[in-house]
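Q: One structure coming up, written as structure tokens, with questions to follow.
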Amino acid sequence: MNKPQTYPLAMRVMHWLMAALVLSLLFAGLTMVKSLGPWQQQLLAWHKAMGLIALLAIVVRLIIRLRSETPKLPDTVSKMQQLAAKITQCGFYVLLFVMPLSGYLMQNAAGRPLSLFGLPLPALLNTDLVLYGLFREVHGWAALLLVLLIVVHIVAALYHGLIKQDGVFRSMLRK
Amino acid sequence: MRYVLFAAAAGAVVAAAVYAVTVSGRAAVSAQDFVNLQQGDSIQAGFRRAHAKGFCISGEFQASGELAAYSSAKALQPGSYPFIGRISIAGSNPTAPDLRAPVRSLALTILPDTVHQWRTAMNTPPVMAVATPEKFYQQLLAIQSNTVPQFFAEHPETAHFLKWRSHYQPTQSYATERYHSINAFYLVDRQGKQQAVRWAALPLTDDAGVISDEEAADALQQEFFSRLQHGPVRFDMQFTLATANDNPADATIPWPESNPQLSAGTIVIEQASLQEEGACNALNFDPLVLPAGFLPSKDPILRARAAAYAESHRRRAREVLMQHVAGGADE
């Protein structure tokens, strides 16, 4: 069976929308944990609401991914690089689940109420300092890992698009 | 050419990532700088970086409903609502002597574990010495370098704080202190109308208390625990309304005594426990955890308190987690 040349439209749309959402969330998160600025609380409220949307988005994205035919990397890409690409992709899916879930659970463990657009959300954990410590650290370190992964991903994409020009970069752009 | 483009683009991506992780949000003073300064050189693992010494309390807040016309918050409608709280002293040392602390505080989480929860951290001074986090940071630096008189002289806005301090007489009991919200907040009614307020917990007892051992580091804690054995400790939760002459964003200026004052209800402290064993230990008394019906004022100190408390919470939670992991490995 012939593999498609590009990712299906639904996956391309999800990829770029989530790229914008996740980058904004990361910038907001990394900034607000340091800032004493007056807009810090606004950013925090926005980060929590958008984080919940990112959780819904990754669920939808995983479903689309499992039901889609995706393009194969060209044979010119070495076995090592194929494996690296696989690991990066899996890493993204794992981290995009870990980030919102750890964020949600750390709020629970801190005893802070959560709501999405005024709708109260259930606490899945009791208030607990050790669990707060665990999920707060997971959230912080997973964010750094995600930043690293995004850098690797973008640099690799640019390498394919600008240097190798082998169609890999285009597969996430258009038909 | 494409190699140049690739190098430039890849460089920009790496630079953006490094900027986000390190510099963004730091400005003049960051939450980390604050907490670094507060914790000093000897880190007390697992303890709060400020107000490290304290104990947990619990009881109920009996709301009078006098503020119900100003706010839709559940805690201000007539009724009894449980709270978890903490009484503490300023400083980063969890074994500091109670009687030497310059500041005492009473923190509450009313209606914990609900969306209606209202957290407040109140201190004995009614005002801040300075109005911004940056100046407050300078004040902490001055305390460490023993240049406080010079700092006060250079900052005329400290006058009200200094006046309070010159008259303040620490009491012989946590039950007889006055604890202030310091920063202002807005109450929001059902129509969305806002009223700026400050609040304070005022003692409701005539019993001055007896310190059994002046030398004991826990002198005030012992007094409070033995006082509770004879019955609950009560405070009146008094709200002061701002008038058009008051600036809610400036915590250095006291509001006139002639401003309208209303009693939101009575804080009834029924139980106390050591903080390691109490429910308050897991809580960060972030004054910006507010229910619907409350809003923060524009006071920049309020944001800085929330950000610094969050950093302190993260650090001690990480330490407690590590102790837990190490403890588990030993078994």
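The values are calculated or read from the model by the stated rules, or taken from the named source; none is laboratory data. Since we're looking at a predicted model, the values are computed, not measured. A quick note on method: Cβ atoms are made from the backbone with ideal geometry, for glycine too, and the neighbour counts reach across all protein chains shown. The accessibility values were calculated without ligands, DNA or RNA, using every heavy atom of the protein model including side chains. Shrake-Rupley method; radii C 1.70, N 1.55, O 1.52, S 1.80 Å.
Q: In a strand (DSSP E or B), open to solvent by 40 Å² or more (accessible area, probe 1.4 Å) and of a type outside the set (Gly, Ala, Ser): does that describe B:PRO82? Give the derivation first.
A: Details: in a strand (DSSP E or B): yes; open to solvent by 40 Å² or more (accessible area, probe 1.4 Å): yes; of a type outside the set (Gly, Ala, Ser): yes.
Taking the combined requirement at face value, the residue satisfies it.
Q: Taking region B:11-26 as the region of interest, how many residues are in a helix (DSSP H, G or I) and either of a type outside the set (Gly, Ala, Ser) or within 7 Å of another protein chain (Cβ to nearest Cβ) (or both)?
A: Here the count works out to 8.
Q: Here's a follow-up. The conditions are (1) farther than 30 Å from B:SER71 by Cβ; (2) modelled with pLDDT under 95, and B:THR158 fails exactly one of them. Which is it?
A: Unmet condition: (2).
Q: Here is a list: B:SER258, B:SER297, B:SER312. Which entry is hydroxyl-bearing (Ser, Thr, Tyr) and within 30 Å of B:PHE225 (Cβ to Cβ)?
A: The unique qualifying residue is B:SER312.
Q: From the list A:LEU124, A:LEU73, which one is of a type in the set (A, V, I, L, M), surrounded by fewer than 16 Cβ atoms within 10 Å (Cβ to Cβ), in a loop (DSSP other than H, G, I, E, B) and in contact with a helix residue (DSSP H, G or I) (Cβ under 6 Å, 6 or more places away or on another chain)?
A: A:LEU124
Q: Which residue out of A:LEU26, A:LEU36 is open to solvent by less than 50 Å² (accessible area, probe 1.4 Å), at pLDDT 95 or above and within 11 Å of another protein chain (Cβ to nearest Cβ)?
A: Exactly one of A:LEU26, A:LEU36 is open to solvent by less than 50 Å² (accessible area, probe 1.4 Å), at pLDDT 95 or above and within 11 Å of another protein chain (Cβ to nearest Cβ), namely A:LEU26.
Q: Something else now. Consider only pairs whose beta carbons are under 7 Å apart and that are at least six residues apart or on different chains; among these, list those whose first residue lies in region A:141-160 and is open to solvent by less than 50 Å² (accessible area, probe 1.4 Å) and whose second residue is not in a helix (DSSP H, G or I).
A: Correct list of pairs: A:ALA157/A:PHE169; A:HIS160/A:ASP166; A:HIS160/A:VAL168; A:HIS160/A:PHE169.
Q: Looking at region A:81-95, I want the residues that are closer than 15 Å to A:LEU148 by Cβ and have a partner that is part of a helix (DSSP H, G or I) and open to solvent by less than 40 Å² (accessible area, probe 1.4 Å) with Cβ atoms under 6 Å, at least 6 apart or on another chain. Which pairs are those?
A: Listed pairs, sorted by first residue: A:GLY91/A:LEU149; A:LEU95/A:ALA142; A:LEU95/A:LEU146.
Q: If you don't mind, another one. Looking only at region A:39-56, count every residue that is open to solvent by less than 20 Å² (accessible area, probe 1.4 Å), away from every other protein chain (no Cβ under 14 Å) and more than 21 Å from A:LEU148 (Cα to Cα) and tell me the total.
A: Of the residues in region A:39-56, 1 are open to solvent by less than 20 Å² (accessible area, probe 1.4 Å), away from every other protein chain (no Cβ under 14 Å) and more than 21 Å from A:LEU148 (Cα to Cα).
Yes/no matrix, rows are residues, columns are (1) touching an Asp or Glu at 6+ places or on another chain (Cβ under 8 Å); (2) open to solvent by 70 Å² or more (accessible area, probe 1.4 Å); (3) at pLDDT 95 or above; (4) within 12 Å of chain B (Cβ to nearest Cβ):
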site: A:SER68; (1), (2), (3), (4): no, no, no, no
site: A:ALA85; (1), (2), (3), (4): no, no, no, no
site: A:TYR93; (1), (2), (3), (4): no, no, yes, no
site: A:PRO113; (1), (2), (3), (4): no, no, no, yes
site: A:ASP128; (1), (2), (3), (4): no, no, yes, yes
site: A:GLY133; (1), (2), (3), (4): yes, no, yes, yes
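Q: Does B:ILE253 qualify as being closer than 18 Å to B:VAL127 by Cα, in contact (Cβ under 8 Å) with a residue 60 or more places away in the chain and within 12 Å of chain A (Cβ to nearest Cβ)?
A: For B:ILE253, the condition - closer than 18 Å to B:VAL127 by Cα, in contact (Cβ under 8 Å) with a residue 60 or more places away in the chain and within 12 Å of chain A (Cβ to nearest Cβ) - is not met.
Q: Could you grab the pairs with beta carbons closer than 9 Å, sequence gap of 6+ or different chains, first residue in region B:133-162 and touching a residue at least 40 places away in the same chain (Cβ under 8 Å) and assigned to a helix (DSSP H, G or I), second one acidic (Asp, Glu) and surrounded by 17 or more Cβ atoms within 10 Å (Cβ to Cβ)?
A: From region B:133-162, the pairs are B:TYR137/B:ASP33; B:GLU157/B:ASP250.
Q: Which count do you get for residues in region A:95-109 that are away from chain B (no Cβ under 14 Å) and either touching a Lys or Arg at 6+ places or on another chain (Cβ under 6 Å) or among the polar types (S, T, N, Q) (or both)?
A: Adding up the residues that qualify gives 0.
Q: Consider only pairs whose beta carbons are under 7 Å apart and that are at least six residues apart or on different chains; among these, list those whose first residue lies in region B:27-47 and is within 11 Å of chain A (Cβ to nearest Cβ) and whose second residue is aromatic (Phe, Trp, Tyr).
A: The qualifying pairs are B:VAL29/B:TYR137; B:ASP33/B:TYR137; B:PHE34/B:TYR137.
Q: Looking at (1) assigned to a helix (DSSP H, G or I); (2) open to solvent by 40 Å² or more (accessible area, probe 1.4 Å), can you tell me which one B:THR243 breaks?
A: (1) is the only condition that B:THR243 fails.
Q: For region B:297-321, give me the residue count where each residue is at the interface with another protein chain (Cβ under 8 Å from one of its Cβ atoms) and not β-branched (Val, Ile, Thr).
A: 16
Q: Going by what's in this entry, would B:TYR137 be described as modelled with pLDDT under 95 and either in contact with a Cys (Cβ under 9 Å, 6 or more places away or on another chain) or of a type in the set (Phe, Trp, Tyr) (or both)?
A: Yes.
Q: Kindly indicate the residue of region B:136-156 that is surrounded by 11 or more Cβ atoms within 10 Å (Cβ to Cβ) and more than 23 Å from the chain's Cα centre (by Cα) and also nearest to B:PRO300 (Cα to Cα) among those meeting that condition.
A: This residue is B:HIS155.
Q: If you don't mind, there's one more thing I want to ask. Going by what's in this entry, would B:ALA75 be described as in a helix (DSSP H, G or I), at pLDDT 95 or above and within 14 Å of another protein chain (Cβ to nearest Cβ)?
A: Against the criterion (in a helix (DSSP H, G or I), at pLDDT 95 or above and within 14 Å of another protein chain (Cβ to nearest Cβ)), B:ALA75 qualifies.
Q: Here is a further query. Just checking, which of A:LEU96, A:LEU101, A:LEU83, A:LEU105 is in contact with a Leu (Cβ under 6 Å, 6 or more places away or on another chain) and in a helix (DSSP H, G or I)?
A: A:LEU105
Q: Take the residues in region B:272-285 that are part of a loop (DSSP other than H, G, I, E, B) and more than 8 Å from chain A (Cβ to nearest Cβ); name whichever of them is surrounded by the fewest Cβ atoms within 10 Å (Cβ to Cβ).
A: Applying the first criterion (part of a loop (DSSP other than H, G, I, E, B)) to region B:272-285 yields B:275-278, B:283-285.
Keeping just the survivors that are more than 8 Å from chain A (Cβ to nearest Cβ) gives B:275-278, B:285.
Details: B:GLN275: 20, B:GLU276: 12, B:GLU277: 10, B:GLY278: 20, B:PHE285: 24.
Residue satisfying both the conditions and the ranking: B:GLU277.
Q: Does B:ARG227 qualify as being under 18 Å from A:GLY111 (Cβ atoms) and open to solvent by 20 Å² or more (accessible area, probe 1.4 Å)?
A: For B:ARG227, the condition - under 18 Å from A:GLY111 (Cβ atoms) and open to solvent by 20 Å² or more (accessible area, probe 1.4 Å) - is not met.
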